[in-house]
1. Please give the contour-minus-distance gain from HIS13 to CYS66: 0.36 nm per residue of separation, less the Cα-Cα distance, rounded to one decimal in nm.
2. For PHE6, enumerate residues with amide H under 5 Å from its amide H, sequence gap 5+ or separate chain, H modeled in the peptide plane.
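Here, each number is a calculation from the coordinates, and none is a lab measurement. Note that the coordinates shown come from a computational prediction; the quantities given were computed from them, not determined experimentally.
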Amino acid sequence: MPLYAFRCQTCAHEFETLARFEETPECPACGGAHVERQLSLIAKPAAGGDAGAGESCAAMAGGAPCAGCPALAG
Ligand SMILES: [Zn+2]
């Protein structure tokens, strides 16, 4: 069985457990049955590409550009 992450809608407790897809486990904290499956915690989608590359380069702040600095590419 796959490992799923859940969040209790009653007490906001978050937990992971093995469960069938059609099964909804009870909250281990309060025993509540109103838990929702969290899909985003399992696989983080790749997004943004190389956004953030060179963000720490000194050239961005007017200093000397680093090797591979985007400021040198053009
Ligand atoms: Zn709960």
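1. Contour length minus Cα-Cα distance gives 14.6 nm.
2. PHE15, GLU16, THR17, GLN38
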